[in-house]
Amino acid sequence: MSTKDFLPRRTLNVSRRTLLQAGAGLIGGSVLPASIASRAFAEDHPAIGTFPAGSSGSSAFIGISVPRTGTYAVQGEDELKGYQLAIEHINSGHELIKKISPKTSKGVLGKDLKFGVADSAAKPNEAVQAQQRFISENKAVMITGGTSSAVAVALNKLAQREKVIFVCGISGSNDTTGKDCVRYGFRQNFFGQTAAAAIAPVLIKQFGKNKKAAYLTPDYTYGHTVTKSMQDRLAEAGWTTVTNQVSPLGAPDYSSYLLNVANSGADVLINVNWGHDAVLSTQQAKQFGVLDKMKLVVPYQVPFIARETGGLMQGVYAATDYWWTIEDKYPLAKMFNETFEKKFGYKPEWGAENAYVSFAHWARMVEEAGSFYPPDVIKAYEKGETVPSLVGDVHYRPEDHQCVRPVIIVRGKMEKEMKNKEDYYEVIEIVAGDGLMQKPDAFGCHLGDYT
Amino acid sequence: MINWPNFVSQLFNGLALGALLALISSGLTIIYGTLGVLNLAHGAMFMIGGYAGYVTYSYTGSFILAVIAGSLFVMALGVAMERIIIRHFYHRPHEDQLLVTFGLGICFVEIVRLIFTSQSQVVPPPALLQGITSMGFLFYPTYRLAVVGIVAVALGALFLILYRTRLGMIVRAGIEDSVMVDSLGINVYRVFMIVFGIGAMAAGFAGIINAPVVSLTPGVGDDILVETFVVVVIGGVGSFPGAILGGLIAGEIISITSMFNPGYAYVMPFAAMTLVLVLRPHGLLGTQGRE
């Protein structure tokens, strides 16, 4: 990451010219054919949310909220770069976007995408306030955010209330497309239950049955649901939980928790923390000798943990959405890695991939719908068609709006095995999504209304 | 049933956590006690101490030089901040002081983020202090053990300066009656500048001493600032011994609570602070406080 990539916080990329153009369009439209046009809208596409105001000019606006400060800041920056690249590719009709959304030529339905960025600091309130502003002031046609599931759940509710489509950033909680699912929300990445289903068999095969596990769990919806899913899956092989250390998001020190883990007699430490919390707790686990006593597992892998912990992920198993070396198997991943690295100077991580694919899928669905009218776009997703992604073909389940996609199991490479400075992981297995999924209503999802 | 080895381990860990909190809080409380300024940039100065040390370590590979550079850089920053900005706020309402120091803190954090990004940086402990020490009843990281000693020495030195030197005498007299001290021919404002520098240095020193324990990020001072305020309020705002007592109490509460209900470990110090405020509004060792 270089400093020149820094974007001012809370910038709005709407130029005065664009506003004037949009304003002129609205005035002109109201004089002449508007009465006819609005009647036509009224029949099939009555005004809803920011429609048609948000897509009536030559451009459409997207509200992006990512954590640029706080414990998830590094992941947020990676995610933001993925969004920026996707918008750039959509606006220019890049070859990679066309592979995912064949009807995209330039922009979405011919409209140039503009965007604003707000720092959520991984706090639901900040994210909701920023997105509320993007919706009311900029008439955002789509909003995104996440990295913290608490933010994702809050934005789900905002999206449903405001009737604006929410494309989720990284969110690992079962609740996001479970009990807190909404008609207007969509999630591309895998989550706690799928992570557990994918990695548990690998762990049981590697470490055996009837093991004692200690958990480090961040105290919010993501942490609790991932821990619960891991416990359920591992219990099938007789694994027990000897301690579950629950800590606040952004805890400044893990020593007290790690002493409890060190004295618990566990065989395996399952670290559910994410972002800087995962980095700090893993580093401190090493300081306290915990990693010498027990094996470490990261069931929901945090991007950048390998480089930030400086070797502590060697030999460690983790479940992840994306690791760049799968480019050997997936041509679209290779294209993505190349364009991303050329622009930003490093191999993209999970956040960037999730961001890019989520936007590309949204663009495809709008093109398929042939309109920004939200219920039509939602119905395009709900067709459940097979669509391309960077990790092969995937589809969105109509019942809960969760993308069914593979989970990648990786193991940290030893330093001598690394072919280059970013070759941190060996891909052990790519587990197909279908076999990992719970029933759509297993976590209590009841999608709301279209209108 | 209480697991006694773990209980003793947590007691000790509470001491180590508390020592560091006491050191950071002492700087905050000295500045408030002397100048009446609640410095909300204190957490950012703690963070800058860490980064200044990190840069020095990157170039020299010497931890001792990193500690010296981290402390002196933040001291210089504190003096500059006092000369350029803070001195204009001595006679302004507390709200103005809070806002200006809070704003400065945000600026410092953003500047550091711009230069170093949000990715964490590591300062390893000196080779001699790496690894784990067996103390019979527990295994404990050697460096964290050393931190307890280092902090004790640093707090002792601060105590001697404040209570056993002429400068300390002037500072304490200045708190009581700055007009009288001024009329005795002593430049009170120069003393104030030195005090601000010392308080800042304590934060910078704590920042680089703490760097090998945590991985450095621009936000590392944010959480510490909140805890530091809890410590200062428990001990008594403006009281140096109070900061030490408050630090130790908060450290022990965090550690012991984590045994029984880990989810509440960082909440309980706030409960303790509330209790203290109800029973002793000026804190355990605080006096009437400043008007």
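The values are calculated or read from the model by the stated rules, or taken from the named source; none is laboratory data. These figures come from a predicted structure and were not determined experimentally. Positions of Cβ are backbone-derived with ideal geometry, glycine not excepted, and every protein chain shown enters the neighbour counts. Calculation scope for accessible area: heavy atoms of the full protein, side chains included, ligands and nucleic acids excluded. Shrake-Rupley method; radii C 1.70, N 1.55, O 1.52, S 1.80 Å.
Do you know the relative contact order of chain B, to the nearest whole percent, from alpha carbon pairs under 8 angstrom that are 6+ apart?
Computed over chain B, the figure is 37 percent.
Could you bin all the Cα-Cα distances of chain B into 5 Å bins starting at 0 and give me the percent of pairs in each, rounded to whole numbers?
Taking every Cα pair in chain B, the percentages come to 1, 6, 11, 16, 18, 17, 14, 9, 5, 2, 1, 0, 0.
Could you give P(r) for region A:339-451, binned at 5 Å from zero, as whole percent values over all Cα-Cα pairs?
Binned Cα distances yield the sequence 2, 9, 15, 18, 18, 15, 10, 7, 5, 2, 1, 0.
Hull surface divided by four, with the convex hull built on the Cα atoms of region B:143-291: how many nm²? All intermediate terms of the calculation are to be shown ahead of the outcome.
Details: hull surface 41.6 nm².
Average of the hull's projected areas for region B:143-291 equals 10.4 nm².
Send over the Kirkwood Rh of the protein assembly as shown, from the inverse of the averaged 1/r over different Cα pairs, rounded to one decimal Å.
About 27.5 Å, per the Kirkwood formula over Cα pairs.
Longer than 19 Å from Cα to Cα, which of A:Lys179/A:Lys379; A:Lys99/A:Lys334; A:Lys111/A:Lys342; A:Lys103/A:Lys379 are they? Say none if no pair is.
Going by Cα-Cα distance, A:Lys179/A:Lys379; A:Lys111/A:Lys342 fall outside the 19 Å limit.
Give me the accessible area of A:Leu296, 1.4 Å probe, in Å² rounded to the nearest 10.
Taking all protein chains as shown, A:Leu296 has close to 10 Å².
Just to be sure I understand the model, the point goes 7 Å from the Cα along the line to the Cβ. What's the resulting B:Asp96 to B:Asn187 distance in nm?
The modelled label-to-label distance comes out at 2.4 nm.
Got the relative contact order for region B:73-216 handy, in percent, Cα pairs under 8 Å and 6 or more residues apart?
That works out to 43 percent.
Please state, to two decimals, what the Cα-based radius of gyration of region B:153-199 comes to when divided by 2.2 N^0.38 Å (N = residues).
Values: Rg = 10.9 Å, N = 47, 2.2 N^0.38 = 9.5 Å.
Dividing the Cα radius of gyration by 2.2 N^0.38 Å gives 1.14.
Over region A:221-296, what per residue volume does the convex hull of the Cα atoms give, in whole Å³? Before the final figure, lay out the partial values.
Numbers: hull volume 6.1 nm³, N = 76.
Normalising the Cα hull of region A:221-296 by residue number yields 80 Å³.
Quick check for you: which residues of region A:180-215 have the amide N under 20 Å from the point 7 Å beyond the Cα of A:Leu291 toward its beta carbon?
A:203, A:207, A:213-215
Give me the extension gain from B:Arg166 to B:Gln130: residue separation times 0.36 nm, minus the current Cα-Cα distance, reported in nm with one decimal.
Full extension from B:Arg166 to B:Gln130 adds 9.0 nm.
For A:Glu353, A:Glu77, A:Glu415, write out the residues from largest to smallest accessible area, computed with a 1.4 angstrom probe and no ligands counted.
My answer, sorted largest first, is A:Glu415, A:Glu77, A:Glu353.
Where does region B:7-85 land on Rg/Rh, using Cα atoms and the Kirkwood Rh?
Rg/Rh: 1.07.
Take the Cα radius of gyration of region A:274-355 and divide it by 2.2 N^0.38 Å, with N its residue count; two decimals is plenty.
Numbers: Rg = 14.5 Å, N = 82, 2.2 N^0.38 = 11.7 Å.
Output field value: 1.23.
From other protein chains only, count the Cβ atoms within 10 Å of every residue's Cβ in B:131-143, then give the mean.
3
Taking a 1.4 Å probe, which of B:Phe260, B:Phe205 shows the most accessible area, and what order do the others take after it?
B:Phe260, B:Phe205
What cysteines in the protein assembly as shown have no other cysteine with a beta carbon less than 4.7 Å from their beta carbon?
Here A:Cys168, A:Cys403, B:Cys107 come out as lacking a disulfide-compatible partner, given the Cβ-Cβ threshold of under 4.7 Å.
If I model region A:387-432 as equal point scatterers sitting on the Cα atoms and use the Debye formula, what is log10 I(q)/I(0) at q = 0.18, 0.24 Å⁻¹?
-0.66, -0.85
Counting only the heavy atoms of the protein chains, how much of B:Ser255 is accessible to a 1.4 Å probe, in Å² to the nearest 10?
Accessible area of B:Ser255: about 0 Å².
How big is the dipole moment of the protein assembly as shown about its Cα centre under a simple scheme where the beta carbon of each Lys and Arg is +1, that of each Asp and Glu is -1, and everything else is neutral? Debye, nearest 20, please.
With Lys and Arg at +1 and Asp and Glu at -1, about 560 debye.
Tell me what the protein assembly as shown gives for mean residue ellipticity at 222 nm when only DSSP H runs of n ≥ 4 count, each as -39,500 (n - 2.57), the sum divided by the residue total, rounded to 500 deg cm²/dmol.
The helix-only estimate for the protein assembly as shown comes to -17500 deg cm²/dmol at 222 nm.
So how compact is region B:221-283: Cα radius of gyration and Dmax in angstrom?
When restricted to the Cα atoms of region B:221-283, Rg and Dmax are 11.2, 33 Å.
Using a 10 Å cut-off on Cβ atoms, rank the peptides A:305-312, A:197-204 from the highest mean neighbour count down.
Ranking the peptides A:305-312, A:197-204 by packing returns A:197-204, A:305-312.
Just to verify a number: what accessible area does A:Glu368 come out at with the full protein assembly present, 1.4 Å probe, Å² rounded to tens?
My reading of the accessible area for A:Glu368 is about 60 Å².
Please report the base-10 log of the normalised intensity I(q)/I(0) for region B:79-192, using a Debye sum with one equal scatterer per alpha carbon and no solvent, at each q in 0.14 (1/Å).
Rounded to two decimals, the profile gives -0.95.
What is the P(r) of region A:89-174, as percent of Cα-Cα pairs per 10 Å bin from 0?
With 10 Å bins starting at 0, P(r) equals 18, 41, 31, 11.
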